[in-house]
Amino acid sequence: MDLEEALADIAEMIADTSTLVRAVLSGKRRNMNPSSQRVDIRPVLLKESIVLHVMENDGIRTTAKNFLPSELNIRELLESGYANILAESTSRSLSARISKKGQALVHEEKKVAEQNLSHDRSKKRLLDSADPYLVKIGISDSAGNIKPSRQDKFRQVEEFLRILEPTLDSSLSAGHLSAPTAEKPLTIVDLGCGHAYLTFAAHQYLTKKSTPVHVIGIDIREESRLRNEKIAKELQIDNTIEFQAGEISRLPAQPVDVAIALHACDTATDDALAWAVKSGAAMILAAPCCHHDIQKQMKDSPQPWGIVTRHGLLKERMGDLLTDAIRAQILKLLGYRVDTIEFIAGEHTPRNLMIRGVRTGAAADPAEVEKYLDLIGEWQLKPALAVRLSEELSAVGVTT
Ligand SMILES: C[S@@+](CC[C@H](N)C(=O)[O-])C[C@H]1O[C@@H](n2cnc3c(N)ncnc32)[C@H](O)[C@@H]1O
């Protein structure tokens, strides 16, 4: 199929609102100036008729407008200079990539997709704000509405679960975790659980999805344990959720499937990660809080990093980056596949980074050991996590 045929075909796919799923136009053809950087088109049901919802982004702003197919000059739009054009219908997708020399690479694929004609495509809520446990733990008011002061925490918990769920599913299907049963439920430990918003939400969410769980919340504060235990009893779930008061660093290692930590303060996150590794957690999800340990050690920056650390604010951010990069690298050396992700948009919390580790048991790569040693050597650091895991690290060749 040549470009002319492909564009004609794509124009027809877009005009047919009974089967169109979406179309995307992006990039710029040489010497051409399309009106925006990207255009997203999808069908939307408005009152009785289906219209084309056209969203244009010029690199700064996004504007959206609805058109009846007859009102939109689709061919003109397709020929206005976009380098990548994709259209998907309910039965196939067709894409055209136009090179700098004006040559087209056309690709057609049969694939089944569903139309979503709803106007509001905001993210599906995972938690129902009126669920009685959210009222009990103080996230929602008695009418089932999220309290204004708890909106951010609710979002953090929900987004945390949004990552927990697929990570769990892929760990189960990859065999990193065995399928939980009533006799051997999935054990989840929430380290530094505080008021246990995440602890209860994880328990209730997975229970509702028929995943047998045993959840443990740990916090240094005895009053948290008392409060959380009382709520668990009232909800009659105290046979599958329990709370302990104590310092994470004093908690003996014990078999655990999933270790989670949401904003455990400073080195409490290192305590949580170290405990998870020593306990052989198959999955670790930790969203760190403040970072002081490494910042305090950043006295003599290796040059030329002094041009960063001479600025207090940048030094602080550099300290955060070094802390979490070192944590991720230590987990990697100890047999975890690790990534770092923003689990929630920054407006809900500036502490929005999550370290996610899935234990694969892969042996430490000597080149990665070298990189780690170079990094901490150059900055002359003694990371809190390395101190806590010194035996495990020395077993893989990290000796400092
Ligand atoms: C910022 S709060 C976060 C609480 C909860 N995870 C949340 O997101 O709502 C940090 C919690 O960690 C607890 N904590 C701090 N250091 C601790 C330690 N070494 N051992 C156990 N808990 C600790 C504090 O008591 C506090 O409840």
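The values are calculated or read from the model by the stated rules, or taken from the named source; none is laboratory data. These numbers come from a predicted model, not from an experiment. Neighbour counts run over all protein chains shown; Cβ positions are idealised from the backbone, glycine included.
So if I check each of Ala64, Ala87, which one is at negative phi, part of a strand (DSSP E or B) and free of Cβ contacts under 8 Å to residues at least 12 places away in the same chain?
Ala64
With respect to Met13, determine if the residue is of a type in the set (A, V, I, L, M) and either in a helix (DSSP H, G or I) or crowded, with 17+ Cβ neighbours inside 10 Å (or both).
Yes; evaluated as a whole, the condition is true for this residue.
Conditions (1) loosely packed, with under 13 Cβ neighbours inside 10 Å; (2) over 27 Å from Ala282 (Cβ atoms), marked per residue:
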residue	(1), (2)
Pro304	yes, yes
Lys315	no, yes
Gly319	no, yes
Arg327	no, no
Arg337	no, no
Thr340	no, no
Gly346	yes, yes
Ala364	no, no
Tyr372	no, no
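If the Cβ limit is 6 Å and pairs must be 6+ apart or interchain, which residue in the range 205-223 that is surrounded by fewer than 16 Cβ atoms within 10 Å (Cβ to Cβ) pairs with which residue that is acidic (Asp, Glu) and assigned to a strand (DSSP E or B)?
Going by the 6 Å Cβ cut-off, there are no qualifying pairs.
Checking Glu76 against (1) surrounded by 16 or more Cβ atoms within 10 Å (Cβ to Cβ); (2) over 33 Å from the mean Cα position of the chain (by Cα): exactly one of these is not met. Which one?
Checking Glu76 against (1) surrounded by 16 or more Cβ atoms within 10 Å (Cβ to Cβ); (2) over 33 Å from the mean Cα position of the chain (by Cα), the one that fails is (1).
To keep it simple, each residue is scored yes or no on (1) part of a loop (DSSP other than H, G, I, E, B); (2) away from the ligand (no atom under 12 Å from the Cβ); (3) aliphatic (A, V, I, L, M).
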position	(1), (2), (3)
Ala264	yes, no, yes
Thr269	no, no, no
Asp300	yes, yes, no
Val308	no, yes, yes
Glu316	no, yes, no
Ile330	no, yes, yes
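Mind checking which residues of the range 231-262 are more than 26 Å from Lys184 (Cβ to Cβ) and near the ligand (Cβ under 9 Å from one of its atoms)?
Those that are more than 26 Å from Lys184 (Cβ to Cβ) and near the ligand (Cβ under 9 Å from one of its atoms): Ala245, Glu247, Ser249, Arg250.
Taking the residues in the range 180-221 that are among the small types (Gly, Ala, Ser), more than 7 Å from the ligand (Cβ to nearest atom) and in a loop (DSSP other than H, G, I, E, B) as candidates, determine which candidate is farthest from Asp238 (Cα to Cα).
For the range 180-221, the residue satisfying everything is Ser210.
Testing Leu126 on (1) away from the ligand (no atom under 16 Å from the Cβ); (2) touching an Asp or Glu at 6+ places or on another chain (Cβ under 9 Å); (3) modelled with pLDDT of 90 or more, one condition comes back false. Which one is that?
Failing condition for Leu126: (3).
If you check Leu168, Leu177, which single one turns out to be in contact with a helix residue (DSSP H, G or I) (Cβ under 6 Å, 6 or more places away or on another chain), at pLDDT below 95 and more than 16 Å from the ligand (Cβ to nearest atom)?
Leu177
Which of the numbered conditions does Ser149 fail, given that it passes all the others? Conditions: (1) in contact with a strand residue (DSSP E or B) (Cβ under 7 Å, 6 or more places away or on another chain); (2) within 16 Å of the ligand (Cβ to nearest atom).
(1)
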